[in-house]
Amino acid sequence: MKKIETTLQKLYTAVNLLENKISKLEDKFDQLEQDALLDSLIFYGVKPNPNVELRENLNGVITQIMGLQDFKEMDLLKANRFRMPANQTENVKIAPVLVKFSSLDTARKVFAAKSKLAKSGVFVLENLTKKRRDLLNAARSTFGPRSVWSDHGQILAKVPGETRIRKINYLHECISM
């Protein structure tokens, strides 16, 4: 009986070690995936214009509304409008646009100028992994939408009662508050 308990304890220890390794690998994979998405942003509210190509339309938003005069059309590598599910076409009139830029630096400049879009009906979000989007949404429902944001793929929150901005890494950090 003692031998079975010892063997069982070793198995539990081995399973815990494997679970920890899997968790660390999932975190590393998510970080690699997020790093690959950093040079792209998602634009919401960019109205389709049948007379102008989407890239041209976005170029106008970035140069004219956002005021980035040094932005060139070649800085915008790809622009694809999301396809809206059939059941959402009535609720959402304008499908978002995924925009890939030529460099991380260009994407950061555009993202930094997003406040100039305030009254235009257009807004910009970082392109986040599913895990980080879920984490952002959970943090916003816990701390409030104005207290949570993303920066370089990291989820940040201004937590009530704390003076420092907290980096949110895991879902349980939102639930335990």
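Pick from E53, E33, E126: which residue has the top mean-square fluctuation in a GNM of the chain where Cα pairs under 10 Å get a spring? So, out of E53, E33, E126, the one fluctuating most is E53.
For K21 and D105, compute 0.36 nm times the residue count separating them, minus their Cα-Cα distance, and round to one decimal in nm. Numbers along the way, then the final one.
On the way: separation 84, 0.36 × 84 = 30.24 nm, distance 3.35 nm.
Going from the current span to full extension adds 26.9 nm.
Of the residues N20, N57, L37, the one whose Cα sits farthest toward the positive end of the charge dipole of the range 18-115, with +1 on the Cβ of Lys and Arg and -1 on the Cβ of Asp and Glu, is N57. Quick check: the angle from helix 2-37's long axis to the longest principal axis of the chain, C-alpha only, nearest 10 degrees? In the chain, helix 2-37 runs at an angle near 10 degrees to the longest axis. Less than 5 angstrom separates the built amide H of N127 from those of S40, I42, all sequence-distant by 5 or more or on a different chain. For the residue pairs K21/K130; K28/K131; K93/K131; K131/K167; K93/K119, alpha carbon separations beyond 23 Å are given by K93/K131.
Within the set of other residues whose C-beta is less than 14 Å from the C-beta of L25, count the net charge using Lys and Arg as +1 and Asp and Glu as -1.
-1
When each of D151, D30 is scored by the number of other beta-carbon atoms lying within 10 Å, the sequence from fewest to most is D151, D30. The alpha carbon centroids of the range 1-59 and the range 102-148 are separated by 18 Å.
No value in this document is a laboratory result; all are computed from the given coordinates. Note that this is a predicted model, so its numbers are computed, not measured. Cβ coordinates were reconstructed from backbone atoms using ideal geometry, including for glycine residues, and neighbour counts include every protein chain displayed.
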